[in-house]
Amino acid sequence: MVRQKTSGSTQQAARDYSPFERALLNDFQHDLPLVPRPFAAIGDRLGMGEQAVLEALAQLKDEGVVSRVGATLKPGVVGVGTLAAMAVPEEDMERVAAIISARPEVNHNYEREDALNLWFVATAADDSALTAALAAIETETGYPLLDLRLVCDYHLDLGFTIQWTSPKRIDD
C-alpha cells in the first residue's frame with residue numbers, strides 16, 4: 001500500500017496500482033536517465049511510450065502520491081538550500097503545511113513529534129532569494145521558523161523501496 005502525503009500527514013492510498021505505476025514509483029527513485037528525453041527512456045525500459053509515462057506521473061501527482069519528479073543536486077553546486085523547522089499547533093498543521101508545500105522553493109515537508117513539529121527543505125538561486133522565501137513563509141504562516149543552513153554536507157538517500165500490498169476490500 002502506498003502512503004501519500006496530504007499537507008503534512010499521511011493516509012493510505014485508496015486504490016491498487018498497476019505494474020506500470022508500481023515500476024514508475026519504485027524503480028526510478030534513483031538514476032533518472034540523463035538524456036534529453038528521460039521519460040521516453042523510462043517508457044522504453046518499461047515497454048510503454050513517453051506519453052504513457054507522462055500521463056501516469058501526472059495522474060499520480062494529481063492523486064498526491066507523487067509530489068515532485070526531478071533531480072536532487074549536491075548542496076551548493078547550484079543555488080543554496082536549507083533545512084527549516086517550525087513549531088505549529090496541531091490544529092493549524094494542515095493549513096501551514098499546505099502553504100509550505102505550495103512554495104516553489106520547498107522540496108518537501110514532513111511532520112515530526114517534537115516541539116519543532118514541521119520540517120522542510122527549501123532551495124533558491126542565491127542566499128538573498130532563499131532568505132526572502134523563508135521570510136515570506138513566516139509572514140504567510142504567521143509562525144517563526146528555525147533556519148538550519150548547511151555547515152557540512154553529507155548524503156541522505158531519499159529513495160525508499162515500496163512494500164506493495166493490495167488494498168482491503170469491504171467484502172473481505
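Every read-out reported here was derived from the displayed coordinates using simple, explicitly stated rules and does not represent laboratory data. Everything quoted here is computed from the prediction, not taken from an experiment. So basically every Cβ, Gly included, is an ideal-geometry build from the backbone, and we count neighbours across all protein chains shown.
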Exercise. Plugging the Kirkwood radius over Cα pairs into Stokes-Einstein for the stretch 80-149, at a temperature of 4 °C and a viscosity of 1.567 mPa s, what D comes out in µm²/s?
Worked result: 110 µm²/s
Exercise. What do you get when you divide the Cα radius of gyration of the stretch 54-115 by 2.2 N^0.38 Å, with N the number of residues?
Worked result: 1.34
For this session: Fewest Cβ neighbours within 10 Å first, please rank His30, His108 accordingly.
Result: His30, His108
